[in-house]
Amino acid sequence: MAYKWPDKDPDEILDYSVDWSRLLGDDTLSAAVWFIKDSTGAKVQLSDAQVVDNLQFVQATISGKVATARFSLGTVNVRYVVVCQITSGEGLQYERDIHLRIQEK
């Protein structure tokens with residue numbers, strides 16, 4: 001199942017988050033890695049300031065059990081698939097696909 005974030009204007013720089021608290025329970029969030037599925041469907045791991053298919057990954061942060069990614073740019077009328085992969089303090093790994101659509105506002 002894929003999740004959906006609110007639409008983003010290409011001129012905005014916005015934070016988008018995934019709250020893992022329900023899944024982790026008493027466990028902790030120790031690491032988060034972000035990916036974008038490119039136009040061919042390949043999963044591309046992101047680093048700060050990287051641009052994939054015109055969507056820029058600015059940076060990532062972790063606060064408690066919430067992983068946040070900041071994005072800028074993007075192509076109007078394109079729906080990006082962003083992937084958040086986490087590792088818990090107990091060494092478990094989880095992954096979620098999230099759709100982010102770019103729309104003029």
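With contributions of -39500 (n - 2.57) from each DSSP H run of at least four residues, the per-residue ellipticity at 222 nm computed over the chain stands at -500 deg cm²/dmol. Per-residue 3J(HN,Hα) values for the range 88-98, derived from phi via the Karplus relation 6.51 cos²θ - 1.76 cosθ + 1.60 with θ = phi - 60°, read 8, x, 8, x, 7, 10, 10, 8, 9, 8, 10 Hz in sequence order (x marks Gly and Pro).
The numbers here are math on the coordinates, done by the rules we state, and not lab data. The structure presented is a predicted model; accordingly, all values stated were derived computationally and were not measured.
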